[in-house]
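Working notes, beginning with the structure itself.
Values in this text are rule-based calculations from the coordinates and carry no lab data. Worth saying up front: this structure is predicted, and the values here are computed from it rather than measured. Here the Cβ positions follow ideal geometry from the backbone for every residue, glycine too, while neighbour counts run over all protein chains shown.
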Amino acid sequence: MELKLEKPIIFFDLETTGIDIARDRIVEISILKIFPNGNKESKTWLVNPEMVIPESSIAIHGITNEKVVNEPTFKEIVLDVNKLIDGCDFAGFNSNRFDIPILAEEMLRSDVEFSMDGRVAIDVQTIFHKMEQRTLSAAYKFYCNKSLENAHSAEADTLATYEVLLGQLDKYEELENNVKFLSEFSSHRGRADFAGFILYDDESDEMFSFGKHKGKKVKDILESEQGYYNWIINADFPLYTKQVLKNIKLGMSQRENPKKESIKSGPPSPDQLADLQKLFNKKL
């Protein structure tokens, strides 16, 4: 079975220094790009994270500090990565909760804009967990009847994830071979940002999920407490969370400005002219 696509989609996997979205860095990134006509393009980079890779992480993916010391930093490859993923939908294994947020942080940290607007994201792990509740290695065995060799190699995991999704489409008739459907089926609802600091309430308005303003609408807090906005922007929150907050504030400002302009623009009314004349006469 081939994946039905209207535009390219990338399957990607990251190996990192750890699991902290705001602080940890990419040490390997592998991207498999699938075009609507079935053609494929792939690229894998080892990345110098500019920080020490903990032994606990090395034990998982086998990428040592010595192995990446002479590799390019993410900032040095970011334009190539951005070119490869431009205009594409996303897919991965646990990608909605980990890989996409980490990628967003690295790109924003490298001063390259990142947005999910106009994209959909398929999380193959979510589909798998809804159907079978297992790991990637088990998924590969279950759906593809193959053993996953070299697990936790970004390239091997990326290819396995792509094959697993094709296997899922073959197995489950209720899964539509449609990127938008698969994205909706595999998504975790209710998050405005990746990390879950800003959620959507029952009215689809953004609300804070933490701290003293937990459960309160973001726009209400931004209107009443400017210091809280400044604290988040200057604190150690994920860059994408900060970007979402800035966009909310910008949207509020844009909604207010037209009202201010309408008051200022145009010639004064007869009543306004009369008031101005009275004020002028008093000063005389």
Original post:
So, in nm, how far is label Ser187 from label Asp117 when the simple model puts each one 7 Å beyond its Cα toward the Cβ?
Top reply: 1.6
Original post:
Using mean Cβ contacts within 10 Å as the protection proxy, how do 77-85, 49-57 order, highest first?
Top reply: 77-85, 49-57
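Output needed for the range 151-240: three equivalent-ellipsoid semi-axes, defined as square roots of 5 times the C-alpha gyration tensor eigenvalues, in descending order, whole Å.
37, 18, 8
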Subject >> Listed residue pairs exceeding 23 Å between alpha carbons, taken from Lys4/Lys40; Lys7/Lys130; Lys130/Lys214; Lys212/Lys242; Lys67/Lys242 >> reply: Lys7/Lys130; Lys130/Lys214; Lys67/Lys242
Subject >> Fully extended contour minus Cα-Cα distance, from Thr135 to Glu149, at 0.36 nm per residue >> reply: 3.6 nm
Subject >> With Cα atoms, 0 to 90° folded angle of helix 270-283 axis to the chain main axis >> reply: 60
Original post:
Computed over the Cα atoms of the range 112-165, what is the ratio Rg over Rh, Rh following Kirkwood?
Top reply: 1.07
Original post:
Where does each of Trp231, Trp45 land when they are ranked from fewest to most other beta-carbon atoms within 10 angstrom?
Top reply: Trp231, Trp45
**OP:** Give me the number: length gained by fully extending Asp236 to Lys67, i.e. 0.36 nm times residue separation minus the C-alpha to C-alpha distance, one decimal in nm.
**Re:** 57.9 nm
Original post:
How many percent of Cα pairs in the chain exceed 28 Å?
Top reply: 48
Original post:
So if we plug the beta-carbon distance of Arg255 and Leu79 into 1/(1 + (r/R0)^6) with R0 = 41 Å, what FRET efficiency do we get, rounded to 0.05?
Top reply: 0.75
**OP:** Among DSSP beta bridges lying fully in the chain, give the percent that are antiparallel, nearest 5.
**Re:** 75
Original post:
Based on Cβ point charges of +1 for Lys and Arg and -1 for Asp and Glu, what charge dipole magnitude is obtained for the range 1-111 about its Cα centre, in debye rounded to the nearest 20?
Top reply: 260
Original post:
So what is the diffusion coefficient of the range 198-264 in µm² per second by Stokes-Einstein at 4 °C and 1.567 mPa s, using a Kirkwood Rh over Cα pairs?
Top reply: 101
Original post:
Taking 0.36 nm per intervening residue step and subtracting the Cα-Cα distance, what contour gain separates Asp202 from Met1 on full extension?
Top reply: 68.5 nm
